[in-house]
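Here the structure comes first, spelled out in C-alpha cells, and everything after it is commentary.
The values are calculated or read from the model by the stated rules, or taken from the named source; none is laboratory data. The model shown is predicted, which means the values in this text are computed figures rather than measured ones. Here the Cβ positions follow ideal geometry from the backbone for every residue, glycine too, while neighbour counts run over all protein chains shown. All accessible areas refer to the heavy atoms of the entire protein, side chains included, with ligands and DNA or RNA removed. Shrake-Rupley method; radii C 1.70, N 1.55, O 1.52, S 1.80 Å.
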Amino acid sequence: MLQSRLPLPALIIIRSTESLKAYFVGRSGYLGVDGGPNAGVKTMTELLIDRETYETHAVHIGTQQKSADMAQFIQEVRADGLYLIDIEITDGRIRAISQFLNRYNPANIMVVSARQYGQRPARKFAEAIGANASVGRFIPGSLTNPALRSYVEPDMLFVTDPAADQQALREAVNTGLPIVGICDANNNLRNVDLALPANNKGRKSLSLLYWVLAREVLKARGETTDEAWAEAQDLEDWESTF
C-alpha cells in the first residue's frame, strides 16, 4: 500500500487561475488562462531539447481528429489532415508538470499505461523518479476496492492516454485524485487536471516525453544534470520493444 496522502493545501497551491480554482467542480486539463493559442503557458526562448529532436520523434504529430478541448494546443493542420501540436506549449507543459510532480512524495505517484508503446517508457519513468507504475491492463477496483491485492492509495495519477487509461482515470475521479495526462489532438480533457499536449500514440514520441520529463523532475531535485542524464540514460533504451 502506498503511503498516506499529502494534506489538501499541497494540491491547491498550483491552482492560481479561475479554471484551476474550479478543480473540485470540473476538470479541464488547463494550466493558465482559458483558451488562446498558448493556453496560459509562457513561451520559452530556449526549449528543453532542440526542436529537431522533438520533430524527429514526432512529438508534435497529432491525429486527423481534433477535440474542442485540444484546439488551443494546435499550431496548424497538415495537408494530409493531421493536426500538429505546438512544440513550445508541449515544452512549457513539461516544465510545469515536472514542478507539479515534485510537490508530491514520489512513492505516492501512480503512472499508468495501457497503451503498448507507453508501457516501457512509463515504467522507466516511474523507476527513475521513485513512483509506482501500473502498465498493461489496469485491474478494475485498484483505486477503489480495498479488498483487492492490487489496491493502492496514491496521491495523484499520471496517465499516458486518457482514452486508453479510462478505467484508471474513472477511478481516480471517483476518489478525488488530481490527474495529469499526455493528451493527443483527439483527446477529451474533461477529467484531466493538467494536460501535456503531445503525440501519445507513437513509440518514439512516448519514449522522448517520459525521458525528458524524468530528467526535469530529477533536475529540479538537484539529482542530475542534462549531461549526466544523457550519459546515464540512453534514450533508445526507453523506447518500446513491442
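Please find, within the range 202-226, the residue that is farthest from residue 119 (Cα to Cα) out of those that are of a type in the set (Val, Ile, Thr) and in contact (Cβ under 8 Å) with a residue 24 or more places away in the chain.
217
Just a yes or no: is a residue in the range 29-39 of a type in the set (Asp, Glu), modelled with pLDDT of 95 or more and surrounded by fewer than 17 Cβ atoms within 10 Å (Cβ to Cβ)?
No: zero hits.
Would you call residue 135 within 14 Å of the chain's Cα centre (by Cα) and either buried (at least 23 other Cβ atoms within 10 Å of the Cβ) or among the aliphatic types (A, V, I, L, M) (or both)?
Judged against the criteria, residue 135 is not a match.
Test of understanding: among 199, 191, 187, which residue is open to solvent by less than 10 Å² (accessible area, probe 1.4 Å), touching a residue at least 24 places away in the same chain (Cβ under 8 Å) and in contact with a helix residue (DSSP H, G or I) (Cβ under 9 Å, 6 or more places away or on another chain)?
187
Taking residue 95 as meeting all but one of (1) in contact with an Asp or Glu (Cβ under 8 Å, 6 or more places away or on another chain); (2) open to solvent by less than 20 Å² (accessible area, probe 1.4 Å), write down the number of the exception.
Only one criterion in (1) in contact with an Asp or Glu (Cβ under 8 Å, 6 or more places away or on another chain); (2) open to solvent by less than 20 Å² (accessible area, probe 1.4 Å) is unmet by residue 95, namely (2).
Give the range 202-213 a look and list any residue that's small (Gly, Ala, Ser) and open to solvent by 10 Å² or more (accessible area, probe 1.4 Å), or say none.
The answer is 202, and nothing else.
Across the range 105-117, what is the total count of residues that are over 15 Å from the mean Cα position of the chain (by Cα) and either within 21 Å of residue 199 (Cα to Cα) or open to solvent by less than 10 Å² (accessible area, probe 1.4 Å) (or both)?
Total meeting the criteria: 2.
Only helices (runs of 4 or more DSSP H) wholly contained in the range 130-242 count here; list those with 2 or more residues that are touching an Asp or Glu at 6+ places or on another chain (Cβ under 9 Å) and within 30 Å of residue 71 (Cβ to Cβ).
Per the criteria, 203-220.
Check whether at least one residue in the range 227-234 is touching a residue at least 24 places away in the same chain (Cβ under 8 Å) and open to solvent by less than 70 Å² (accessible area, probe 1.4 Å), and report yes or no.
Yes, because at least one residue in the range 227-234 is touching a residue at least 24 places away in the same chain (Cβ under 8 Å) and open to solvent by less than 70 Å² (accessible area, probe 1.4 Å).
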